[in-house]
1. According to a simple spin-label model (label point 7 Å from Cα along Cα-to-Cβ), what is the distance in nm between residue 179 and residue 343?
2. Just want the ordering: 93, 360, from fewest to most Cβ atoms lying within 10 Å of their own Cβ.
3. Can you sort 101, 54 from fewest to most other Cβ atoms within 10 Å of each residue's own Cβ?
4. So if each residue of separation counts as 0.36 nm, and I subtract the Cα-Cα distance between residue 95 and residue 39, what length gain in nm does that give?
5. Over all directions, the average projected area of the alpha-carbon convex hull for region 18-134 comes to how many nm²?
């Protein structure tokens, strides 16, 4: 198994200090900065999922973008699949315990034209992109998330939920739902994946890079698809064990991380407030950005088209950050006089946004905003 064998090899050899970039987040958390989208993005675009009587999603819970497909998980654990032009394709709404049915969708991904769904952490469902059920696999261990990487399904678990998993964290499955290998954490070494008892263990795909974020060791480990170890990042922000929840401690407590080619964005609780570090990987400069559209000096200001301030809620398979909001929210925002003074960089894009908003009504689905960060 190519990916897992590489992970094992990379994490059982001697770690090297030069492969680790250490970053102290404390000064950055105490430095408020204003970030314009035009300074850190290459482009933005919007997706308006069409309203049809057979597809009426509830509140969006999770949204993922796969090439020309948009998959929306709503509050009622239903999946809705659209094209990026907004055209509705199909939905998966059959709940239950039978074949092809789900109880609680935790994650989903597309690989080589096949839709895979992680149900309740204990079952993988397999559908084609016409909405037809193909196969399923029951799992003996509860998994938290699933990604496609190098034509394999990688699933991770945070804790040993069954007696037969021997503390492994990552499992790899083929498209035929056959187990191809498992990764067992190794505790020794500077650049190894060190699995703690209370770790928040997460991983994500950024284009051709597999990144593993582990807060017990404050480290993001990174691997390329060519089996090369990419320099890891170790963040310093105090003692995590003293922070019970993001907003209840004076010590920083990270609870979400986004990564693009050039930047990190780390949500933190700090000094009993919500903060977020926006960090340039190249020069390690950055500061705290706060989402508050009533304070222009804080947050990601949308100076490209003058639209709603950007705050990411998800990431595409190509590393684009995305968010969503109700059309009425954007209409109200565009009507605030205090925002007319923003210098808009792209008037043509601004006109398209306003045309889009003017075409919506009270039945329209939320608008998805996609930002391609540098």
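1. According to this spin-label approximation, the distance is 6.0 nm.
2. Going from sparsest to densest Cβ surroundings: 93, 360.
3. Ranked by crowding around the Cβ, least crowded first: 54, 101.
4. 15.7 nm
5. Numbers: hull surface 46.9 nm².
Projected over every direction and averaged, the Cα hull of region 18-134 covers 11.7 nm².
The numbers here are math on the coordinates, done by the rules we state, and not lab data. Given the structure is predicted, the values throughout are model-derived calculations rather than measurements. Every residue, glycine as well, gets a Cβ built from its backbone with ideal geometry; the counts of neighbours run over all protein chains shown.
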